[in-house]
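Let me begin by presenting the structure, written as C-alpha cells, before commenting on it.
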Amino acid sequence: MKKTGFIYDDVFLTHEMPPYHPESTMRLEAITEKLKKSDIWNSLIQIPPIKANISDIEAVHGKAYIARTQKTKEAYLDPDTFMSKDTYNAALYAAGAVITAIDNCKSGTIERAFCAVRPPGHHAEKDRGMGFCIFNNAAVGARYAQSIGYRKVFIVDFDVHHGNGTQHIFYDDDSVYYFSSHQFPHYPGTGEGSEKGSGLGRGFTFNVPLSQGSGDKEMQNTYGTILPPLVKDYAPDIMIVSAGYDIHQKDPLAGLNVSDKGVASIVKNIINASGDIPIVFTLEGGYSLTALADSVEITIRELLA
Ligand SMILES: [Zn+2]
C-alpha cells in the first residue's frame with residue numbers, strides 16, 4: 001500500500017459563497033463525510049495544511065493582484081468569483097496544502113497525496129482571479145517543488161474546463177509541462193490542440209480538446225495512449241494533478257460523460273504513466289455532490305493501491 005496523505009482543514013469551509021453558488025462548502029463536506037464512512041479513511045495519513053507564505057504566492061502571482069485579493073471582502077473578484085471575509089486566508093491555505101503535500105513527499109512521510117481544498121486554482125492567472133479561483137494552487141505548488149529541488153514538474157489537468165491560468169503561467173517555460181484534457185468549446189475558451197507553448201516552452205504544453213458527450217473511451221485514449229509517452233520523454237521529478245470531477249456524467253455544469261469506472265481508469269493511467277515519482281492531486285471542480293464524493297473516494301482508492 002502506498003503512503004498516501006490527505007491534506008484537509010476546516011479552514012476551507014470559511015470561504016463562503018453567495019446562496020446557490022455551485023462552488024459551495026457542501027462540496028468538501030460531502031467528500032469528508034463520505035471518506036470518513038469508508039474503509040480507506042484509516043489508511044490515509046491525515047496532514048493539516050500549512051498557510052502559504054506570500055513569497056510562495058509571489059512566485060506565481062503579481063504583487064498588485066495579491067494586494068487586491070487581500071482587500072477584497074464580501075465582493076466579486078470577477079463575475080463568477082466571490083470573496084467572503086475569510087476567502088483570502090482560505091486561499092493561502094489552499095495553496096499551502098499543495099506545498100504541505102510536496103514537503104511531506106520530499107521528507108518521505110508520504111509518497112502520494114490528495115489535497116481536498118477550496119477555493120480551486122487552475123483558472124487563476126498571474127494577475128487575475130476567475131472561474132471560482134483566487135490563487136493557482138497547482139502552479140504555486142510547482143514553483144515551490146522547484147525551490148526544494150524537484151527540477152522538472154509535470155502538471156496533468158483533467159478538469160472539464162481548460163486550466164487557462166496554469167497554461168499561461170508556464171507557457172514559456174520548459175521546466176513545467178502542462179497537459180490538459182477538457183470539454184471544448186467550453187469555458188474559458190482556451191485549450192485548442194494548437195496551443196503548444198512558446199519560446200523555450202514550445203512543446204511543453206499539450207491540450208486534448210474533447211467534444212461534448214465524450215466519455216470513458218476518449219479518456220482511455222487520452223490517459224492510456226496519449227499521456228504515457230509524453231511523461232516518459234519528459235522524465236519529470238514530480239507530478240501535480242489538477243483533479244476536476246466536473247468531467248463526471250452527473251455533473252450539472254458541463255457535458256462530458258465520464259462514469260465512475262472512467263474516473264478510476266484516468267487515475268490509474270496517470271499513476272502508471274508517472275513511474276514511481278511523487279504525485280500530488282489537488283481538487284479543482286466537481287459540482288454534483290454525490291459524483292464528487294464518489295469520485296474522490298475512487299481516486300484515493302487508486303492512490304493507496
Ligand atoms: Zn471545472
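Scanning the chain for GluC sites (Glu not before Pro) lying in DSSP loops with no more than 13 further Cβ atoms inside 10 Å, the longest uninterrupted stretch between such sites is 75-191. Once backbone amide H atoms are built at 1.01 Å from N, G215 has N257 as its partners under 5 Å, excluding neighbours fewer than 5 places away on the same chain. Take every DSSP beta bridge whose two residues both sit in the chain; close to 15 percent of them are antiparallel. Taking a ≥ b ≥ c as the square roots of the eigenvalues of the Cα gyration tensor, the chain is rounded, since a/c falls below 1.5. What you get for the chain, charging only the Cβ of Lys and Arg (+1) and of Asp and Glu (-1), is a dipole of about 460 debye around the Cα centre.
Assigning unit charges at the beta carbon (Lys, Arg +1; Asp, Glu -1) and nothing else, what dipole magnitude in debye, to the nearest 20, does segment 170-305 show about its Cα centre?
Dipole magnitude for segment 170-305 comes out near 280 debye.
Residues considered: S211, S242, S181. Largest GNM mean-square fluctuation over the chain, using C-alpha springs under 10 Å, is found at S211.
Kindly report the accessible area of the chain per residue (heavy atoms of protein chains, probe 1.4 Å, no ligands, DNA or RNA), in Å².
Value returned for the chain: 37 Å² of accessible area per residue.
Where is the GNM fluctuation largest for the chain (alpha-carbon springs, 10 angstrom cutoff): Q183, Q220, Q167? Fluctuation is largest for Q220. Whole-Hz Karplus values for segment 276-284 come out as 10, 7, x, 10, 10, 8, 10, 5, 10 Hz, taken residue by residue from phi with 6.51 cos²θ - 1.76 cosθ + 1.60 and θ = phi - 60°; glycine and proline positions read x. Build a GNM of the chain with springs between Cα atoms under 10 Å apart, and of T100, T109, T25 the one that fluctuates most is T109. Taken about its Cα centre, segment 76-137 carries a charge dipole of about 120 debye when Lys and Arg each add +1 at the Cβ and Asp and Glu each add -1 at the Cβ.
Rg and Dmax of segment 175-222, both derived from C-alpha coordinates alone, stand at 11.7, 35 Å.
Based on the reciprocal of the average 1/r between different C-alpha atoms, the Kirkwood radius for segment 205-305 equals 13.9 Å.
Of S180, H162, M219, whose Cα points farthest to the positive end of the dipole of segment 147-274 (charges on the beta-carbon: +1 Lys, Arg; -1 Asp, Glu; origin at the Cα centre)? Looking along the dipole axis, the top candidate is M219.
In whole percents, the pair-distance distribution calculated for segment 176-260 from its alpha-carbon pairs, binned every 5 Å from zero, is 3, 13, 22, 26, 19, 11, 5, 1.
Out of the total accessible area of segment 4-112 (probe 1.4 Å, heavy atoms of protein only), what percent is carbon and sulfur? C and S fraction of accessible area: 51 percent. Computed from backbone phi with θ = phi - 60° and the Karplus coefficients 6.51, -1.76 and 1.60, the 3J(HN,Hα) list for segment 195-210 is 7, 10, x, 9, x, 4, x, 4, x, 10, 10, 9, 10, 10, x, 10 Hz; x is used for glycine and proline. Pairs to check: K3/K268; K2/K217; K71/K196; K106/K126; K3/K217; K152/K196. Give those whose C-alpha atoms are more than 24 Å from each other in this structure. From the list (K3/K268; K2/K217; K71/K196; K106/K126; K3/K217; K152/K196), the Cα-Cα distance tops 24 Å for K2/K217; K71/K196; K106/K126; K3/K217.
How much mean residue ellipticity at 222 nm does the chain get from its helices, if each DSSP H run of length 4 or more adds -39500 (n - 2.57) and you divide by all residues, to the nearest 500 deg cm²/dmol? All intermediate terms of the calculation are to be shown ahead of the outcome.
Numbers: 10 runs with 109 residues, N = 305.
So the calculated ellipticity at 222 nm is -11000 deg cm²/dmol.
Would you work out if segment 93-197 is rounded, prolate or oblate? Take a ≥ b ≥ c from the square roots of the eigenvalues of the alpha-carbon gyration tensor; rounded if a/c is under 1.5, else prolate when a/b is larger than b/c, oblate otherwise. It is prolate, given that a/c is not under 1.5 and a/b is the larger ratio. For the chain, the relative contact order comes to 20 percent (Cα pairs under 8 Å, sequence separation of at least 6). Across q = 0.13, 0.17, 0.21 Å⁻¹, segment 1-121 modelled as identical point scatterers on its alpha-carbon atoms has Debye log10 I(q)/I(0) values of -0.56, -0.89, -1.19, in the order of the q list. Solvent-accessible area assigned to carbon and sulfur over segment 187-300 amounts to 53 percent, based on a 1.4 Å probe. Each residue of segment 69-86 was assigned a 3J(HN,Hα) from its phi angle through the Karplus expression (A = 6.51, B = -1.76, C = 1.60, θ = phi - 60°), giving 5, 5, 8, 7, 9, 6, 8, 8, 7, 8, x, 9, 10, 9, 10, 7, 5, 10 Hz with x at Gly and Pro.
The values are calculated or read from the model by the stated rules, or taken from the named source; none is laboratory data. Just so we're clear, the structure is a prediction, and the values are computed from it rather than from any experiment. In this analysis, Cβ positions are derived from the backbone assuming ideal geometry, glycine residues included, and neighbour counts consider all displayed protein chains. The accessibility values were calculated without ligands, DNA or RNA, using every heavy atom of the protein model including side chains. Shrake-Rupley method; radii C 1.70, N 1.55, O 1.52, S 1.80 Å.
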